[in-house]
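Engineer: Have a look at this one before I ask anything.
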Amino acid sequence: MATAIGVVLTDHISAGRLENQRLTGKPLRYPNDPEELDALVTIPAGELAEMIAEHVDVLAGKQTGGADAIGVAVPGIVRGGVVEDSPNLPQIKGSHLANVLKKALEAHGITTPVHVANDADAIAAGVAATHGQLNRLTRVWTLGNGIGYGRWPYVDGVWEGGHITVSLDPKERYCGCGGIGHLEGIMGYRAMRLRFLDMEPEEVFANAKKGDERCREFVDLWHRALAAATASFIHLAGPGRFYFTGRNVEFLELPQLRSHLETMVRMSPLQSYSLEILPPDDETALIGAGVSALRALAT
Ligand SMILES: [Zn+2]
(Lines give C-alpha, C1' and ligand atoms only; values in the text may rest on other atoms or scores of the structure.)
Protein backbone atom coordinates (compact mmCIF):
# COMPACT_ATOMS: atom_id res chain seq x y z
CA MET A 1 0.00 0.00 0.00
CA ALA A 2 1.39 3.41 -1.01
CA THR A 3 1.13 6.10 1.63
CA ALA A 4 1.86 9.75 1.06
CA ILE A 5 1.52 13.03 2.91
CA GLY A 6 -0.04 15.84 0.91
CA VAL A 7 0.54 19.45 1.95
CA VAL A 8 -0.95 22.57 0.38
CA LEU A 9 0.54 25.99 1.07
CA THR A 10 -1.67 28.81 -0.27
CA ASP A 11 -3.25 31.45 1.96
CA HIS A 12 -3.23 28.71 4.60
CA ILE A 13 -1.51 25.39 5.27
CA SER A 14 -3.45 22.17 4.88
CA ALA A 15 -1.97 18.71 5.34
CA GLY A 16 -3.40 15.21 5.10
CA ARG A 17 -2.37 11.58 5.04
CA LEU A 18 -3.20 9.51 1.95
CA GLU A 19 -3.44 5.76 1.63
CA ASN A 20 -3.88 4.44 -1.90
CA GLN A 21 -4.78 7.92 -3.21
CA ARG A 22 -7.46 8.41 -0.56
CA LEU A 23 -7.42 10.86 2.27
CA THR A 24 -7.53 9.24 5.71
CA GLY A 25 -8.98 11.38 8.47
CA LYS A 26 -9.59 15.10 8.55
CA PRO A 27 -6.77 17.28 7.15
CA LEU A 28 -4.86 19.56 9.52
CA ARG A 29 -5.24 23.28 8.88
CA TYR A 30 -3.40 26.49 9.83
CA PRO A 31 -4.80 29.00 10.62
CA ASN A 32 -7.92 27.34 11.97
CA ASP A 33 -10.10 30.29 11.03
CA PRO A 34 -10.87 30.11 7.26
CA GLU A 35 -11.74 33.86 7.26
CA GLU A 36 -8.15 34.75 8.13
CA LEU A 37 -6.68 35.25 4.66
CA ASP A 38 -3.34 36.99 5.19
CA ALA A 39 -1.99 34.79 7.98
CA LEU A 40 0.96 33.39 6.00
CA VAL A 41 2.10 36.44 4.04
CA THR A 42 4.19 37.85 6.91
CA ILE A 43 5.76 34.56 8.02
CA PRO A 44 9.39 34.09 6.82
CA ALA A 45 10.10 31.10 4.56
CA GLY A 46 12.15 29.26 7.21
CA GLU A 47 9.31 29.45 9.72
CA LEU A 48 6.82 28.25 7.10
CA ALA A 49 9.05 25.23 6.45
CA GLU A 50 9.19 24.50 10.19
CA MET A 51 5.38 24.77 10.43
CA ILE A 52 5.01 22.34 7.53
CA ALA A 53 7.48 19.96 9.17
CA GLU A 54 5.41 20.04 12.39
CA HIS A 55 2.25 19.17 10.44
CA VAL A 56 4.04 16.31 8.64
CA ASP A 57 5.40 15.07 11.96
CA VAL A 58 1.85 14.69 13.28
CA LEU A 59 0.77 12.76 10.14
CA ALA A 60 3.91 10.71 9.41
CA GLY A 61 5.98 10.71 12.57
CA LYS A 62 6.98 7.74 14.67
CA GLN A 63 3.46 7.16 16.08
CA THR A 64 1.72 7.10 12.68
CA GLY A 65 4.15 4.81 10.88
CA GLY A 66 5.86 7.09 8.33
CA ALA A 67 5.03 7.47 4.64
CA ASP A 68 6.54 6.70 1.21
CA ALA A 69 6.55 10.28 -0.08
CA ILE A 70 5.71 13.84 0.90
CA GLY A 71 4.17 16.17 -1.68
CA VAL A 72 3.97 19.92 -1.09
CA ALA A 73 1.93 22.17 -3.40
CA VAL A 74 2.70 25.90 -3.52
CA PRO A 75 1.58 28.78 -5.76
CA GLY A 76 4.10 30.04 -8.32
CA ILE A 77 6.67 28.77 -10.79
CA VAL A 78 8.19 25.58 -9.36
CA ARG A 79 11.00 23.73 -11.15
CA GLY A 80 13.24 21.05 -9.71
CA GLY A 81 12.24 21.85 -6.12
CA VAL A 82 13.02 25.56 -6.55
CA VAL A 83 10.27 28.20 -6.28
CA GLU A 84 11.41 30.52 -9.07
CA ASP A 85 8.64 33.03 -8.43
CA SER A 86 5.56 33.28 -6.23
CA PRO A 87 3.81 36.69 -6.52
CA ASN A 88 1.20 35.81 -3.89
CA LEU A 89 3.66 34.29 -1.36
CA PRO A 90 6.76 36.40 -2.09
CA GLN A 91 8.90 35.18 0.81
CA ILE A 92 9.40 31.76 -0.79
CA LYS A 93 10.58 33.24 -4.12
CA GLY A 94 14.02 31.93 -5.02
CA SER A 95 14.17 29.34 -2.26
CA HIS A 96 15.09 25.71 -2.89
CA LEU A 97 11.96 24.77 -0.99
CA ALA A 98 12.50 21.02 -1.38
CA ASN A 99 15.91 21.27 0.34
CA VAL A 100 14.67 23.69 3.02
CA LEU A 101 11.83 21.29 3.83
CA LYS A 102 14.16 18.28 3.75
CA LYS A 103 16.35 19.91 6.44
CA ALA A 104 13.36 20.96 8.55
CA LEU A 105 11.98 17.41 8.37
CA GLU A 106 15.35 15.84 9.23
CA ALA A 107 15.29 17.83 12.48
CA HIS A 108 12.09 15.89 13.23
CA GLY A 109 13.77 12.58 12.35
CA ILE A 110 11.84 12.31 9.04
CA THR A 111 13.87 11.35 5.94
CA THR A 112 10.97 10.67 3.53
CA PRO A 113 11.58 12.18 0.03
CA VAL A 114 9.90 15.57 -0.56
CA HIS A 115 8.43 16.67 -3.89
CA VAL A 116 7.34 20.29 -4.47
CA ALA A 117 4.69 21.04 -7.10
CA ASN A 118 2.72 24.05 -8.32
CA ASP A 119 -0.63 24.23 -6.50
CA ALA A 120 -2.76 24.34 -9.66
CA ASP A 121 -0.82 21.37 -11.10
CA ALA A 122 -1.56 19.54 -7.84
CA ILE A 123 -5.29 20.21 -8.26
CA ALA A 124 -5.12 18.89 -11.84
CA ALA A 125 -3.35 15.76 -10.55
CA GLY A 126 -5.97 15.40 -7.80
CA VAL A 127 -8.85 15.74 -10.28
CA ALA A 128 -7.24 13.18 -12.61
CA ALA A 129 -6.68 10.76 -9.68
CA THR A 130 -10.17 11.09 -8.19
CA HIS A 131 -11.84 10.83 -11.64
CA GLY A 132 -9.78 7.75 -12.57
CA GLN A 133 -8.23 9.53 -15.57
CA LEU A 134 -4.52 9.69 -14.72
CA ASN A 135 -3.74 8.80 -18.35
CA ARG A 136 -5.65 11.80 -19.80
CA LEU A 137 -4.89 15.49 -20.22
CA THR A 138 -6.59 17.40 -17.41
CA ARG A 139 -6.43 21.18 -17.11
CA VAL A 140 -7.56 23.32 -14.20
CA TRP A 141 -8.05 27.06 -13.71
CA THR A 142 -7.93 28.23 -10.09
CA LEU A 143 -9.67 31.55 -9.50
CA GLY A 144 -8.53 33.45 -6.39
CA ASN A 145 -6.24 36.34 -5.54
CA GLY A 146 -4.06 34.95 -8.27
CA ILE A 147 -5.21 32.97 -11.31
CA GLY A 148 -3.56 29.56 -11.50
CA TYR A 149 -3.34 27.17 -14.43
CA GLY A 150 -2.59 23.56 -13.74
CA ARG A 151 -2.19 20.51 -15.90
CA TRP A 152 -1.78 16.80 -15.52
CA PRO A 153 0.27 14.89 -16.63
CA TYR A 154 3.13 17.10 -15.50
CA VAL A 155 5.39 18.38 -18.27
CA ASP A 156 8.43 20.52 -17.70
CA GLY A 157 7.81 24.17 -18.40
CA VAL A 158 6.57 27.38 -16.83
CA TRP A 159 2.82 27.23 -17.58
CA GLU A 160 1.94 30.55 -15.94
CA GLY A 161 -1.47 30.59 -17.61
CA GLY A 162 -2.77 33.29 -15.26
CA HIS A 163 -0.29 35.69 -16.84
CA ILE A 164 -1.25 34.97 -20.42
CA THR A 165 -1.98 38.21 -22.28
CA VAL A 166 -5.68 38.51 -23.06
CA SER A 167 -5.92 42.25 -23.78
CA LEU A 168 -3.96 44.75 -25.89
CA ASP A 169 -5.41 47.67 -23.90
CA PRO A 170 -2.49 49.50 -22.22
CA LYS A 171 -4.84 50.49 -19.37
CA GLU A 172 -5.11 46.82 -18.30
CA ARG A 173 -2.35 47.01 -15.70
CA TYR A 174 -3.71 45.47 -12.48
CA CYS A 175 -1.83 42.16 -12.56
CA GLY A 176 0.13 41.28 -9.41
CA CYS A 177 3.23 40.65 -11.54
CA GLY A 178 3.12 44.14 -13.10
CA GLY A 179 2.51 42.86 -16.63
CA ILE A 180 0.09 44.68 -18.96
CA GLY A 181 -3.03 42.96 -20.32
CA HIS A 182 -2.76 39.79 -18.20
CA LEU A 183 -5.63 37.45 -17.38
CA GLU A 184 -4.97 37.81 -13.64
CA GLY A 185 -5.08 41.60 -14.02
CA ILE A 186 -8.74 41.23 -15.01
CA MET A 187 -9.85 38.15 -13.04
CA GLY A 188 -7.71 38.12 -9.89
CA TYR A 189 -9.42 39.16 -6.65
CA ARG A 190 -6.71 41.67 -5.75
CA ALA A 191 -6.81 43.10 -9.28
CA MET A 192 -10.59 43.53 -9.09
CA ARG A 193 -10.24 45.45 -5.82
CA LEU A 194 -7.71 47.76 -7.46
CA ARG A 195 -10.04 48.35 -10.42
CA PHE A 196 -13.15 48.99 -8.33
CA LEU A 197 -11.91 51.06 -5.44
CA ASP A 198 -15.50 51.89 -4.44
CA MET A 199 -16.85 48.30 -4.13
CA GLU A 200 -15.80 44.78 -3.30
CA PRO A 201 -15.74 42.17 -6.11
CA GLU A 202 -18.77 40.45 -4.53
CA GLU A 203 -20.73 43.72 -4.91
CA VAL A 204 -19.57 44.13 -8.51
CA PHE A 205 -20.99 40.73 -9.45
CA ALA A 206 -24.18 41.31 -7.43
CA ASN A 207 -24.72 44.76 -9.01
CA ALA A 208 -24.17 43.31 -12.48
CA LYS A 209 -27.07 40.91 -11.82
CA LYS A 210 -29.20 43.92 -10.82
CA GLY A 211 -28.43 45.56 -14.18
CA ASP A 212 -25.72 48.10 -13.26
CA GLU A 213 -24.12 48.89 -16.63
CA ARG A 214 -20.51 49.42 -15.48
CA CYS A 215 -20.57 46.19 -13.44
CA ARG A 216 -22.25 44.25 -16.24
CA GLU A 217 -19.57 45.32 -18.69
CA PHE A 218 -16.87 44.22 -16.29
CA VAL A 219 -18.46 40.83 -15.59
CA ASP A 220 -18.63 40.30 -19.35
CA LEU A 221 -14.95 41.26 -19.70
CA TRP A 222 -14.11 38.86 -16.82
CA HIS A 223 -15.75 35.93 -18.65
CA ARG A 224 -14.33 36.95 -22.03
CA ALA A 225 -10.82 37.05 -20.57
CA LEU A 226 -11.14 33.52 -19.22
CA ALA A 227 -12.62 32.35 -22.54
CA ALA A 228 -9.69 33.93 -24.41
CA ALA A 229 -7.09 32.22 -22.22
CA THR A 230 -8.89 28.88 -22.44
CA ALA A 231 -9.22 29.24 -26.22
CA SER A 232 -5.48 29.88 -26.46
CA PHE A 233 -4.71 26.64 -24.60
CA ILE A 234 -7.20 24.76 -26.79
CA HIS A 235 -5.38 26.11 -29.87
CA LEU A 236 -2.02 25.01 -28.43
CA ALA A 237 -2.67 21.64 -26.74
CA GLY A 238 -6.06 20.68 -28.12
CA PRO A 239 -9.56 20.31 -26.68
CA GLY A 240 -10.21 18.13 -23.65
CA ARG A 241 -11.30 18.65 -20.08
CA PHE A 242 -11.12 22.00 -18.34
CA TYR A 243 -12.05 22.36 -14.68
CA PHE A 244 -12.62 25.60 -12.79
CA THR A 245 -12.18 25.95 -9.07
CA GLY A 246 -10.84 28.25 -6.36
CA ARG A 247 -12.28 30.72 -3.88
CA ASN A 248 -13.88 32.90 -6.60
CA VAL A 249 -15.36 30.15 -8.76
CA GLU A 250 -18.77 31.28 -7.42
CA PHE A 251 -18.48 34.28 -9.79
CA LEU A 252 -18.24 32.01 -12.83
CA GLU A 253 -21.28 31.43 -15.07
CA LEU A 254 -20.46 28.51 -17.38
CA PRO A 255 -23.08 29.41 -20.06
CA GLN A 256 -21.55 32.90 -20.35
CA LEU A 257 -18.04 31.44 -20.59
CA ARG A 258 -19.16 28.87 -23.13
CA SER A 259 -20.87 31.40 -25.40
CA HIS A 260 -17.67 33.50 -25.56
CA LEU A 261 -15.55 30.39 -26.09
CA GLU A 262 -17.76 29.36 -29.02
CA THR A 263 -16.93 32.64 -30.77
CA MET A 264 -13.20 32.03 -30.26
CA VAL A 265 -12.77 28.34 -31.10
CA ARG A 266 -14.11 27.80 -34.63
CA MET A 267 -12.10 24.83 -35.97
CA SER A 268 -14.32 21.77 -35.68
CA PRO A 269 -11.63 19.31 -34.44
CA LEU A 270 -11.06 21.67 -31.50
CA GLN A 271 -14.67 21.97 -30.38
CA SER A 272 -14.90 18.77 -28.31
CA TYR A 273 -13.83 20.43 -25.07
CA SER A 274 -15.70 20.10 -21.78
CA LEU A 275 -16.05 22.69 -19.00
CA GLU A 276 -16.82 21.81 -15.40
CA ILE A 277 -16.93 23.70 -12.10
CA LEU A 278 -15.45 22.01 -9.03
CA PRO A 279 -16.35 23.32 -5.59
CA PRO A 280 -13.17 24.63 -3.97
CA ASP A 281 -11.74 22.29 -1.36
CA ASP A 282 -8.29 21.42 -0.07
CA GLU A 283 -8.78 17.70 -0.55
CA THR A 284 -8.28 17.60 -4.32
CA ALA A 285 -4.99 19.51 -4.05
CA LEU A 286 -3.84 17.36 -1.11
CA ILE A 287 -4.51 14.19 -3.07
CA GLY A 288 -2.78 15.67 -6.12
CA ALA A 289 0.27 16.71 -4.11
CA GLY A 290 0.56 13.17 -2.74
CA VAL A 291 -0.04 11.49 -6.10
CA SER A 292 2.55 13.75 -7.78
CA ALA A 293 5.08 12.91 -5.07
CA LEU A 294 4.53 9.16 -5.49
CA ARG A 295 4.83 9.51 -9.30
CA ALA A 296 8.04 11.52 -8.90
CA LEU A 297 9.48 8.66 -6.80
CA ALA A 298 8.79 6.21 -9.62
CA THR A 299 10.57 8.26 -12.30
ZN1 LIG B 1 0.80 38.93 -14.67
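Engineer: Can you give me the Cα centroid spacing of region 73-137 and region 144-219 in angstrom?
Structural biologist: 24 Å
Engineer: For the charge dipole of the chain, defined by +1 on Lys and Arg C-beta atoms and -1 on Asp and Glu C-beta atoms about the Cα centroid, which residue among L294, L236, V41 has the Cα displaced farthest towards the positive pole?
Structural biologist: About the Cα centre, the residue reaching furthest to the positive side is L236.
Engineer: Under a 5 Å amide H to amide H cut-off, with H placed in plane at 1.01 Å, what residues pair with D281 once short-range neighbours are removed?
Structural biologist: It is G246, by chain and number.
Engineer: From the Cα trace of region 101-209, what convex hull volume per residue do you get, rounded to a whole Å³?
Structural biologist: Taking only Cα atoms, region 101-209 has a hull volume of 183 Å³ per residue.
Engineer: Can you tell which of P170, P75, P90 shows the greatest fluctuation in a Gaussian network model of the chain with Cα springs below 10 Å?
Structural biologist: Of P170, P75, P90, the most mobile in the Gaussian network model is P170.
Engineer: Quick check: Cα centre of region 30-57 to Cα centre of region 254-299, how many Å?
Structural biologist: 28 Å
Engineer: Quick one: which of 9-20, 260-271, 280-291 comes out on top by average Cβ neighbours within 10 Å, and what's the full order, highest first?
Structural biologist: Ranked by mean Cβ neighbours within 10 Å, highest first: 280-291, 9-20, 260-271.
Engineer: To continue, here is another question. Take the Cα radius of gyration of region 137-181 and divide it by 2.2 N^0.38 Å, with N its residue count; two decimals is plenty.
Structural biologist: My calculation over the Cα atoms of region 137-181 gives 1.30.
Engineer: Across every pair of different alpha-carbon atoms, what Kirkwood hydrodynamic radius in Å does region 24-94 reach?
Structural biologist: Averaging 1/r across every pair of different Cα atoms and inverting gives 13.9 Å.
Engineer: I've got another one for you. Just the accessible area per residue of region 59-177, please: how many Å² with a 1.4 Å probe?
Structural biologist: 43 Å²
Engineer: Treating the Cα atoms of the chain as identical point scatterers in vacuum, please give the log10 of the normalised Debye intensity I(q)/I(0) at q = 0.12, 0.13, 0.16 Å⁻¹, two decimals.
Structural biologist: Debye output, listed in q order: -0.76, -0.89, -1.27.
Engineer: Probe 1.4 Å, all protein chains in place: accessible area of K93 in Å², nearest 10?
Structural biologist: Probe radius 1.4 Å; accessible area of K93 about 120 Å².
Engineer: Could you work out Rg/(2.2 N^0.38 Å) for region 199-264, with Rg from alpha carbons only?
Structural biologist: Output field value: 1.19.
Engineer: Still on this model: Excluding E35 itself, calculate the net charge of residues whose Cβ lies under 12 Å from the Cβ of E35, where each Lys or Arg counts +1 and each Asp or Glu counts -1.
Structural biologist: -3
Engineer: Checking the cross-link filter: which lysines have an alpha carbon closer than 29 Å to that of K93, excluding same-chain neighbours under 8 positions apart?
Structural biologist: Excluding near neighbours in sequence, the set is K102, K103, K171.
The values are calculated or read from the model by the stated rules, or taken from the named source; none is laboratory data. Given the structure is predicted, the values throughout are model-derived calculations rather than measurements. Every residue, glycine as well, gets a Cβ built from its backbone with ideal geometry; the counts of neighbours run over all protein chains shown. These accessible areas exclude ligands, DNA and RNA; they are computed on the full protein's heavy atoms, side chains included. Shrake-Rupley method; radii C 1.70, N 1.55, O 1.52, S 1.80 Å.
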